[in-house]
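All remarks here apply to the structure that follows.
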Amino acid sequence: MEYILIFISAIFVNNIVLAQFLGICPFLGVSKKIDTSLGMSAAVAFVMTLATIVTWLVQTYVLNPFGLGYLQTIVFILVIASLVQMVEIVLKKVSPALYQALGIFLPLITTNCAVLGVAILVIQKDYNLLQSVVYAFSTAIGFGLALTVFAGMREQLEMAKIPKGMQGMAIVLVSAGLLSLAFMGFSGVDGGLRMLFGLD
């Protein structure tokens, strides 16, 4: 039941973009079309889950035993950047089709603070490896959900008559704010489920 709660909470209640405001750059930059947002979502899900596993292992078996916890952020950034480069090289050799699908978005993930944020959050929350994987994957699903819904909203906005003063980035930011408010409606779900199943 704990894993289900982590899953629901990461997608809806504590959405990485709309509640924690991490990964805003790709959220605003890649959300013009649903196709590109789906490609970015798939790439983020893959890299975020893989990066969380590797950074959790580095933290648990290297940084903590040797008392190097203060190097966490720098080490995690280097690990994530290296991991993205390695994934890019492997995909190019092994699966050119998948590389073509994700290749455009892989370099963008290196600078996506949501990946680093999740890697640090699982350590702060003191999750074990399985909990960390569930949290990372469900956070990536939440990121993809927010990105895809927002892309759909932006495609609809292109067909709407928007006042001249609100055109461009202004209406995009207002729409993002309204979407964030909509997700705030899920804020009681986590606590309610914990009470229902007696996990508090």
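The values are calculated or read from the model by the stated rules, or taken from the named source; none is laboratory data. Source: prediction; values computed, not measured. Don't worry about glycine lacking a Cβ; one is built from the backbone with ideal geometry, like all the others, and counts go over all protein chains shown. To get the accessible areas, we keep the full protein, side chains included, count just its heavy atoms, and leave off ligands, DNA and RNA. Shrake-Rupley method; radii C 1.70, N 1.55, O 1.52, S 1.80 Å.
Numbers below:
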{"quantity": "Among residues of region 124-170, those that are open to solvent by 30 Å² or more (accessible area, probe 1.4 Å), of a type outside the set (Lys, Arg) and in a helix (DSSP H, G or I), counted", "calculated": "19"}
{"quantity": "Cβ pairs under 7 Å, 6+ apart, first in region 1-20 and within 20 Å of residue 178 (Cα to Cα), second part of a loop (DSSP other than H, G, I, E, B) and open to solvent by less than 10 Å² (accessible area, probe 1.4 Å)", "calculated": "16/23; 17/23"}
{"quantity": "From the options 83, 78, 28, residue that is without any contact (Cβ under 8 Å) to a residue 12 or more places away in the chain, of a type outside the set (Gly, Ala, Ser) and on the phi < 0 side of the Ramachandran plot", "calculated": "78"}
{"quantity": "Residue 86, sole failed condition from (1) touching a helix residue (DSSP H, G or I) at 6+ places or on another chain (Cβ under 8 Å); (2) open to solvent by 50 Å² or more (accessible area, probe 1.4 Å)", "calculated": "(1)"}
{"quantity": "Per-region count, region 33-69, residues within 15 Å of residue 81 (Cβ to Cβ) and surrounded by fewer than 18 Cβ atoms within 10 Å (Cβ to Cβ)", "calculated": "1"}
{"quantity": "Helices (runs of 4 or more DSSP H) wholly inside region 1-104 that include at least 3 residues being within 30 Å of residue 189 (Cβ to Cβ)", "calculated": "2-8, 24-29, 34-58"}
